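To start, the structure under review is shown below, and the notes come after it.
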Amino acid sequence: MQIDEIRKNVAIALAEDVGSGDLTAQLISNDANIAAQVISREAAILCGIAWFEACFNQLSSDIAIHWLVKEGDVLQPNQTLCKIEGNARTILTAERSALNFLQFLSAVATQTHQYVKAVSGTHALIVDTRKTIPGLRYAEKYAVRCGGGANHRIGLYDGILIKENHIIASGSIAQTLHKARTIAPTEIMIEIEVETLDELRQALHAGATMILLDNFELEMLRNAVILNQQYTQPAILEASGNITLTNVRSIAETGIDRISIGSLTKNIKAIDLSMRFLH
């Protein structure tokens, strides 16, 4: 876990929320202490504990947080997640930012878990994309892993994904793959996107080791798997485009290796969590 990235995320969140100071918190005596607990209103996969704690720790080192669950646990409605004790002003000031991180990252983990569960029993791997909220990519990709999924490349620097426009600009599938191999370090993945079975055949003939099948229908996916298996060194095949919880199982059952889903990190509904103060 990248502690510096978490600190940066939280510092930005607190700066935009607290600004020059929490005016409402000044209604509370500066030396008042309180106890609170966080409760889940719905079933979810818990994710984001480090971000939650950092919101309090960056304001004060005297806030005590006792967790009754751990990262990655399956939460039930009305379950208590943690208890918090310390300065009332600090807890009130950090509350919203802390809950925002926990609700959002738990939502990413929960949605990912639903897709992973949907393809259980197949060998298809659920992976994410670069469709993340600016500034929160590390956090979201961490949440995907927390939900049982896997990360695609983190950014443009740690993998090559050749798309249609790259191929048009470079000349052909074979030429583009050749150029990619000349510039990519050994450990960097090279993946090429194809839109037809003929393009898939060209990519396989050119020695592609990972191929993204863009918006292939089920029958095309089945044919792609059969075609791929005819080669001595089959490529890793990844399905992408218009993947939903309704069709992901059928896609996985075609024999595909990976399924990349933008909505894991993009179409997110925050998990309903609340903080209650204890009298």
Normalised by the empirical 2.2 N^0.38 Å for globular proteins, what value does the Cα Rg of segment 117-264 take? 1.03
For the chain, which cysteines have no second Cys with its Cβ under 4.7 Å from theirs? C55, C82
For Y231, Y157, ascending order of other Cβ atoms within 10 Å (fewest first) is Y157, Y231
Phi-based couplings in Hz for segment 54-63 (Karplus 6.51, -1.76, 1.60; Gly and Pro marked x): 5, 4, 7, 5, 6, 9, 6, 8, 9, 8
With the 8 Å Cα cutoff and a minimum separation of six or more residues, segment 117-264 has a relative contact order in percent of 29
Can you compute log10 of I(q)/I(0) for the chain with the Debye formula, treating each Cα as one identical point scatterer, at q = 0.07, 0.08, 0.12, 0.16 Å⁻¹? -0.34, -0.43, -0.80, -1.14
Compute the whole-percent fraction of alpha carbon pairs in segment 210-279 spaced more than 16 Å apart. 54
When DSSP assigns beta bridges and you keep just the ones with both residues in the chain, what percent turn out antiparallel, to the nearest 5? 50
Relative contact order (percent) for the chain, with alpha-carbon contacts under 8 angstrom and 6 or more residues of separation? 23
Full extension between I168 and N30 adds, at 0.36 nm per residue less the Cα distance, a length in nm of 43.3 nm
Kindly write out, for segment 157-163 in residue order, the coupling ³J(HN,Hα) from the Karplus curve 6.51 cos²θ - 1.76 cosθ + 1.60 (θ = phi - 60°), rounded to whole Hz, with x marking Gly and Pro. 9, 10, x, 10, 10, 8, 10
I need L278, L105 ordered by Cβ neighbour count within 10 Å, fewest first. L278, L105
So for V116, V74, V38, V18, fewest C-beta neighbours within 10 Å to most, what's the order? V74, V18, V116, V38
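Any read-out appearing in this document is the output of simple, stated calculations on the displayed coordinates, not a laboratory observation. This one's a predicted model, so the numbers in the text were calculated from it and none came from an experiment. As a convention, Cβ positions derive from the backbone with ideal geometry for all residues, glycine included, and neighbour counts pool all protein chains shown.
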